[in-house]
Amino acid sequence: MFTYKLFVNAARKNALTLRITYRRQKAELSLGFCVSEDELAGILSGDPSAKNRQLASLVAIWLGKIEEIKFDLLKSGRAVEGPKAIMDLVQAAFYGREPDDAKRGGFVSFYEAHAEAYTNRSTRESNQYTLSCMRRFDAATGCGLDRMALEDVNYAWLSDFEAWMIRQGLSQNTRKIHFGNIRTAMRDAYKRELTDNDPFRRFTFRPAKTRKRALDADALRMLFGYPVEPFAEIYRDMFALSFMLLGINTIDLYNLTEVTRQGRIEYARSKTDGLMSVKVEPEAMEIIDRYRGERGLLCIADRWSDHRNFRHQLNIALRRIGKARGKGRKDSPDDGPFAEVTSYWARHSWATAAYEIGVPDDVISQALGHQGSGARVTEVYIRRSMDKVDEANRRVLDWVLY
């Protein structure tokens, strides 16, 4: 039976190459990636570098398909003419096409590997949701999703997909998420030289305009001191703590582990992996001390199985604060002062408050962990002082709280 190996082809600019050997004859296939010997060793050992995690997922899928081909040939006793015929079977299995058209690549097989390669759970699930939506579109229209090559994702297909989503009642922002996921996958395939197709040069999509999601200083002051029922105190206080920590997201709040000796919390933002360092002001420390946890800095990590459950309950509780209640009366969705508030309003509210008291835009951007618009590469090597951010946060808290 045939043997196979992956190797770095130095003669082809370190192209990752598959070699099939059968009856002392060889066939080779460039897989469209360039890696070093060390990078390939890490991929094959199961310890890839961060930049090669997606490639490692693809390699695992490819090797599994080759083993399936070998097993099928052994089981059936089918004869093959040589390594080229085996390579045709491999290409068909890799790309989901017939052998003579395999080089065009398979859209679904690439998209699945692209989605699974994300280490961030939310991003991975978002891409899986997009794939499930495309499959529902395929079931309704018979577009032949599983037979589509990367080149088949064109303006016409995207337009038909959008028209179907509109008929299903999907919002403009939901459609934008799906198209954003598809665009990222297609441009990844383009960079890896798996296709020359970039349909989003012609097809454009825009998110819907959204309302400002910020409370003014008076509303914040009222919310932070609102006399809620005992069960809701933790939700009110966690929203306040999020605000006091520069609008920290619930996932990062949930995962906090400690306050440093210097009186700061330091973490990598889950959304961007950017390093954050926030000075814990006395008002924030008072809340932290009240809700100390065992598994993490805060008890929310002890009480809720993950940050999603916590955020869901937090948003429900926030919207119920101050609502009129009566015996046998259901809550009205819009009869309370905070009926539209969610956990994310803490972040918008901090930014708005900072802007209104004259904090410069670049300081607000740094406080929120946004990448600068200037030389981003340079910023990697410069650890900017947080003094201005610390000063801005103190000014915001003084203005809102007092």
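The values are calculated or read from the model by the stated rules, or taken from the named source; none is laboratory data. Worth saying up front: this structure is predicted, and the values here are computed from it rather than measured. Every residue, glycine among them, receives a Cβ derived from its backbone with ideal geometry; neighbour counts consider all protein chains shown. Note: accessible area is taken over every heavy atom of the protein model, side chains too, but ligands, DNA and RNA are not part of it. Shrake-Rupley method; radii C 1.70, N 1.55, O 1.52, S 1.80 Å.
In this structure, is residue 19 touching a Lys or Arg at 6+ places or on another chain (Cβ under 9 Å), among the basic types (Lys, Arg) and under 19 Å from residue 92 (Cα atoms)? Before the answer, list the steps.
Working: touching a Lys or Arg at 6+ places or on another chain (Cβ under 9 Å): yes; among the basic types (Lys, Arg): yes; under 19 Å from residue 92 (Cα atoms): yes.
Criteria met by residue 19.
Counting the residues of region 264-282 that are at pLDDT 95 or above and loosely packed, with under 15 Cβ neighbours inside 10 Å gives 1.
Residues that are out of contact with any Ser or Thr (no Cβ under 9 Å at 6 or more places or on another chain) and of a type in the set (A, V, I, L, M) were ranked within region 1-23; the one that is farthest from residue 37 (Cα to Cα) is 1. Evaluating residue 149 against the criteria (1) within 22 Å of the chain's Cα centre (by Cα); (2) touching a residue at least 40 places away in the same chain (Cβ under 8 Å) leaves one unmet condition, (1).
Annotation note: Cβ proximity below 7 Å between a residue of region 17-33 that is over 17 Å from residue 58 (Cα atoms) and a residue that is polar (S, T, N, Q) and open to solvent by 40 Å² or more (accessible area, probe 1.4 Å) (sequence gap 6+ or interchain) occurs for 21/3. Of all residues in region 91-123, those that are at pLDDT 85 or above and open to solvent by 60 Å² or more (accessible area, probe 1.4 Å) total 1. Within region 301-313, is there a residue that is exposed (fewer than 15 other Cβ atoms within 10 Å of the Cβ) and in a loop (DSSP other than H, G, I, E, B)? Yes, region 301-313 contains at least one residue that is exposed (fewer than 15 other Cβ atoms within 10 Å of the Cβ) and in a loop (DSSP other than H, G, I, E, B). Only residues that are buried (at least 17 other Cβ atoms within 10 Å of the Cβ), β-branched (Val, Ile, Thr) and closer than 23 Å to residue 73 by Cα: list them for region 1-20, please. 17, 20 - these are the residues of region 1-20 that are buried (at least 17 other Cβ atoms within 10 Å of the Cβ), β-branched (Val, Ile, Thr) and closer than 23 Å to residue 73 by Cα. Taking the criterion of being within 23 Å of the chain's Cα centre (by Cα), among the basic types (Lys, Arg) and either modelled with pLDDT of 90 or more or crowded, with 16+ Cβ neighbours inside 10 Å (or both), no residue of region 199-253 qualifies.
Name the residue that is least open to solvent (accessible area, probe 1.4 Å), counting only residues in region 150-178 that are among the acidic types (Asp, Glu) and at pLDDT 90 or above. Show your work before the answer.
Of region 150-178, the ones among the acidic types (Asp, Glu) are 151-152, 160, 162.
If we keep only those that are at pLDDT 90 or above as well, we get 160, 162.
Details: 160: 90, 162: 51 Å².
Once the filter is applied, the top-ranked residue is 162.
Give the number of residues within region 179-198 that are over 21 Å from residue 344 (Cβ atoms) and either open to solvent by 40 Å² or more (accessible area, probe 1.4 Å) or at pLDDT 90 or above (or both). So the count comes out to 12.
Across region 21-28, not a single residue is classified as open to solvent by 40 Å² or more (accessible area, probe 1.4 Å), within 28 Å of residue 146 (Cα to Cα) and of a type outside the set (Asp, Glu).
So, in region 370-401, how many residues would count as being open to solvent by 20 Å² or more (accessible area, probe 1.4 Å) and either of a type in the set (A, V, I, L, M, F, W, C) or at pLDDT below 90 (or both)? Show your work before the answer.
Applying the first criterion (open to solvent by 20 Å² or more (accessible area, probe 1.4 Å)) to region 370-401 yields 370-371, 373-388, 390-391, 394-395, 398-399, 401.
Filter once more, so that each one left must be either of a type in the set (A, V, I, L, M, F, W, C) or at pLDDT below 90 (or both): 370-371, 373-387, 399, 401.
Adding up the residues that qualify gives 19.
Residues that are more than 17 Å from residue 222 (Cα to Cα) and modelled with pLDDT of 90 or more do not occur anywhere in region 321-337.
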